[in-house]
Amino acid sequence: MPTATPLVLLLDKPLGLSSNAALQRVRRMLGKPKAGHTGTLDPLATGMLPICLGEATKFAGHLLSEKKSYHCTLKLGVETASGDADAPVVCELPVPALDADQVVAALARFRGVIRQTPPIYSALKRDGVPLYRLARAGETVEVPEREVMIHRLELRRLAGDEIDLEVVCGSGTYIRSLGMDLARALDGVGHLSALRRLWVSPFEQRPMASLADVEAWAATAGEVTPAWLIPVDQTLCSIRAITVAADDVLALCQGRAVANLIGAAGSVRLYTTDGHFFGLGEVTDDGVLRARRLLATG
């Protein structure tokens, strides 16, 4: 990899690749470092896929975003087993005659906390096996409903049998399920013909890299760090930062707790006195600081 700094790469995942296939292409371009993605995208979806590189993978669990934004196209008249174009048709109905006011009124029912059933063709697991594998093997799969948060849901275009929507939602939301439920609320059926993830928090204003961008950057041996590559500590900006004296850094790296006189209890980002991030810690209610996840110290 051109740099050993723990980084998060914001990939613009292309159409037709699974999230893991896209991850493996990035790894090959960068010399096969340890890497992992946060937040799976379906092969037929495009857009932002954060990839943790090197020791940034230690903090991947803290990057599972609470907010994500999508643009999608709902095609009316045909419902599929997966809710997108990559599965058998299960139902066909005439496309209802709709105007924008009817669609906007229906959208109001899907804002806030709602209940939805994830599609059987999903990466959710039963006894360690992804549901999509069970479904493709012909097994009957019962998927329980769950609550999800829809922060924003807006109509962007209505044209014949197609509805374009912009969605801002919480973690765990399935836009395919949202599309199918909306089609039913409009007295029809439908599936997603296009889905693009615009951003995941906290990267709302960050650019994304294509696979070609990553390949070109790797060829330069990382001479310049582009805006789509982010030091991992900057991705943890919601966690309070504290500076730790040299003796206490050593103690934490050796697994010992230290007295902490700075601020309230909770998770903290740990920095040395010269500004180097070295991990995450936890301050207890009685003012004791313990390491939770540290970068390798060498």
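The values are calculated or read from the model by the stated rules, or taken from the named source; none is laboratory data. All values derive from a computational prediction rather than experimental measurement. A quick note on method: Cβ atoms are made from the backbone with ideal geometry, for glycine too, and the neighbour counts reach across all protein chains shown.
Quick notes on this one:
- Single match in 265, 259 (criterion: of a type in the set (A, V, I, L, M, F, W, C), surrounded by fewer than 12 Cβ atoms within 10 Å (Cβ to Cβ) and modelled with pLDDT under 95): 259
- Hey, residue 109 over 16 Å from the mean Cα position of the chain (by Cα), in contact (Cβ under 8 Å) with a residue 40 or more places away in the chain and not assigned by TED's automatic domain parsing to the domain that holds residue 148 or not: no
- Within the option set 240, 197, being at pLDDT 95 or above, within 27 Å of the chain's Cα centre (by Cα), surrounded by 13 or more Cβ atoms within 10 Å (Cβ to Cβ) and not aromatic (Phe, Trp, Tyr) holds for one residue only, 197.
- Selection from the range 6-35 of residues that are of a type outside the set (A, V, I, L, M) and either part of a loop (DSSP other than H, G, I, E, B) or surrounded by 18 or more Cβ atoms within 10 Å (Cβ to Cβ) (or both): 6, 12, 13, 14, 16, 18, 19, 31, 32, 33, 34
- The range 32-79, residues that are out of contact with any helix residue (DSSP H, G or I) (no Cβ under 8 Å at 6 or more places or on another chain) and among the hydroxyl-bearing types (Ser, Thr, Tyr): 46, 57, 65, 69, 73
- Options 82, 69, 65: the member that is outside any strand (DSSP E or B), farther than 28 Å from residue 219 by Cβ and either touching a strand residue (DSSP E or B) at 6+ places or on another chain (Cβ under 7 Å) or aromatic (Phe, Trp, Tyr) (or both): 65
- Residue match in the range 101-109 (condition: modelled with pLDDT under 95 and either loosely packed, with under 13 Cβ neighbours inside 10 Å or among the aliphatic types (A, V, I, L, M) (or both)): no
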